[in-house]
1. Pull out all pairs, ordered by first then second residue, where Cβ-Cβ is under 7 Å, the residues are six or more apart or on different chains, the first lies in segment 83-110 and is without any contact (Cβ under 8 Å) to a residue 24 or more places away in the chain, and the second is among the aliphatic types (A, V, I, L, M).
2. Before we move on, is GLU91 over 17 Å from VAL115 (Cα atoms) and of a type in the set (Asp, Glu)?
3. Taking the conditions exactly as written (open to solvent by 40 Å² or more (accessible area, probe 1.4 Å), farther than 17 Å from CYS12 by Cβ and either part of a helix (DSSP H, G or I) or among the charged types (D, E, K, R) (or both)), does GLY131 satisfy them or not?
4. Pairs please, first residue from segment 1-16 and at pLDDT 90 or above, second anywhere and of a type in the set (Ser, Thr, Tyr), Cβ atoms under 8 Å, 6+ apart in sequence or on different chains.
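The values are calculated or read from the model by the stated rules, or taken from the named source; none is laboratory data. Everything quoted here is computed from the prediction, not taken from an experiment. All Cβ positions, even for glycine, are placed from backbone atoms using ideal geometry, and neighbour counts span all protein chains on display. With ligands, DNA and RNA removed, areas are computed over all heavy atoms of the protein, side chains included. Shrake-Rupley method; radii C 1.70, N 1.55, O 1.52, S 1.80 Å.
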Amino acid sequence: MSLILMAAWLSCYVSAGVAALAFELGYIPKGCVTDAGTIYILQIVGVVTALALIPLSLRGFKRMVDRLDGKDYPEERIYRIYMTCSMLRIEAFFIVIVFGVILYYLINDNIGLYVAAIGAICSLFAFPTKGAIEEETGFNE
């Protein structure tokens, strides 16, 4: 389980690197969004996305895992629920980080880097380790 989650977690950073590389190598033009209204909307969407998904992925995940603790579910169900919640949490970080990198290159403004950096820093709190999984689920892999 921890290897699957680790691969998913690392995919956030690999995807952001691939996006940055595509812009840096010229496959996608930098700064192609120049309309002031569109830039403003993209900035708002980036910030609101980060403000919505990051607390949801951190606090919402914690609440879901806490609900599993008091239940007498079979291990398969705990595993399935935990994996689903973990993948949704990692997907939220994926959206924030990759969108932030793409936003930075599309509008040539540092707001995208701020969004990506906030997502990257917060994703460190979701780093999947075997010990954390055992502690949160109550069973060994």
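1. Close Cβ pairs satisfying both conditions: TYR104/LEU113; TYR104/ALA116.
2. no
3. Against the criterion (open to solvent by 40 Å² or more (accessible area, probe 1.4 Å), farther than 17 Å from CYS12 by Cβ and either part of a helix (DSSP H, G or I) or among the charged types (D, E, K, R) (or both)), GLY131 qualifies.
4. These pairs meet every condition: ALA8/SER86; TRP9/SER123; CYS12/SER123.
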